[in-house]
1. Yes or no: S65 at pLDDT 95 or above, farther than 27 Å from T324 by Cα, buried (at least 16 other Cβ atoms within 10 Å of the Cβ) and not β-branched (V, I, T)?
2. Residue by residue through the stretch 140-154, note down the ones that are in contact (Cβ under 8 Å) with a residue 60 or more places away in the chain and either assigned to a strand (DSSP E or B) or in contact with a Cys (Cβ under 8 Å, 6 or more places away or on another chain) (or both).
3. Kindly evaluate F267 against the criterion of being of a type in the set (F, W, Y), touching a strand residue (DSSP E or B) at 6+ places or on another chain (Cβ under 8 Å) and crowded, with 16+ Cβ neighbours inside 10 Å.
4. Within the bounds of the stretch 64-71, is there any residue that is touching a Leu at 6+ places or on another chain (Cβ under 6 Å) and at negative phi?
5. Out of the stretch 278-295, which residues are within 18 Å of the chain's Cα centre (by Cα) and surrounded by fewer than 17 Cβ atoms within 10 Å (Cβ to Cβ)?
6. With over 20 Å from the mean Cα position of the chain (by Cα) and surrounded by fewer than 15 Cβ atoms within 10 Å (Cβ to Cβ) as the only criterion, which of A351, A358, A305 stands out?
7. Just one of G157, G137 is touching a Ser or Thr at 6+ places or on another chain (Cβ under 8 Å), touching a residue at least 60 places away in the same chain (Cβ under 8 Å), of a type in the set (G, A, S) and at negative phi; which is it?
8. So, T256, is that one among the β-branched types (V, I, T) and either buried (at least 17 other Cβ atoms within 10 Å of the Cβ) or not in a loop (DSSP other than H, G, I, E, B) (or both) or not?
Amino acid sequence: MKNKVFILLLISIFTTVQAQKNTLNLIVGTYTNNCDSKGIYVYDFDTETGDFNLKNTSENTVNPSYLTLSKDNKFIYSVNETGPESTVSAFGFDAKSGKLDLINKQSSKGADPCYIINDDKNVIVANYSGGNISVFGKNSDGSLTEAKQVIQHFGKGINTQRQEGPHVHMVHFSPDNKYVLANDLGNDKVYSYAYNPNAATDILQIKDSLAVKSGSGPRHLTFSKDKKFVYLLQELDGTLSVFSYAKGLLKKIDETTILAKDFKGTFSSADIHISPDGKFLYASNRGEANDISIFKILKNGKLEAKGHISTLGKGPRNFTIDPTGNFLLVGHQYTNEIVIFKRDKATGSLADTGKRIALCAPVCLIFGKN
């Protein structure tokens, strides 16, 4: 009898340890304007089953529409997208409990920040309506300094409604952290900045700028796993461009579209990610499309279309793939839920798990260690 109890106890302990190994933090930023949201939500997410459990929330943080987690897992930085009065916030983060404690805020130095990245030294923000980039230093307690550098973009595009001026939509570290790439939807350019993390003022210095198709509206980009290629998604015309990459310089090698051949409605390209194994690329589309395009990445970096799947909601502004590659999660801004898809690692295809996280306007999903 004692042996049976001991064995059952061992099985229970083993099962608990395995479940903990499979569990990651899913951290979600939301809009707080039009429905009931406290701002940032933290869930336990099981990468084997797709199950989830709400762990903690921030305390009434306004419009944390984009987030970034520090490398040491101790701090979360978020934008607070509130027009000309927008700010950037630093939070202490307890990964085990999911608790967030506001440390401080700084002016974003530009209206409507929409993207944020960080490393050991700095936090860098793309201000959409402001058309500029702001760089903040980090203090030893994780708090933000005042902006150390603000880079203003100029110019406009042919789309008079969306491109009346510069609109920086993304900043992205190069894989070696020597450069920062910035997409400007308003003037149809991708900028490359040399990154000097320890500089007092000129942290970013322009290396190059590349003009893309007029009126295309570059939004988000991602690097291939071998670091040799960059994939750029353009919001206004659905173009997906492929570039070779080396030392901060881009050279276009191919171009395709995320639009289905027979699609006739309105659209607005949104997010782009590559599977952890580097074999498949996914891109989301909003408007009347509300789908994800799937591409196989070929050895030469070019893309082979593998089809489209409905995201089963409206406004798939952001999605993420868990680090194991088992699941793809889509945040729907307008139908207020996260839809969880199971990935087929061999084919790249997606299947609905039927699992949903009900949440007000989820627009940024990131994973972190538990």
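The values are calculated or read from the model by the stated rules, or taken from the named source; none is laboratory data. Everything numeric here is computed off the predicted structure, so don't read it as measured data. So basically every Cβ, Gly included, is an ideal-geometry build from the backbone, and we count neighbours across all protein chains shown.
1. The answer is no for S65.
2. L144
3. Here the answer is yes, as F267 does meet what is asked.
4. no
5. Within the stretch 278-295, G278 is the sole residue that qualifies.
6. A351
7. Testing whether each residue is touching a Ser or Thr at 6+ places or on another chain (Cβ under 8 Å), touching a residue at least 60 places away in the same chain (Cβ under 8 Å), of a type in the set (G, A, S) and at negative phi leaves just G157.
8. yes
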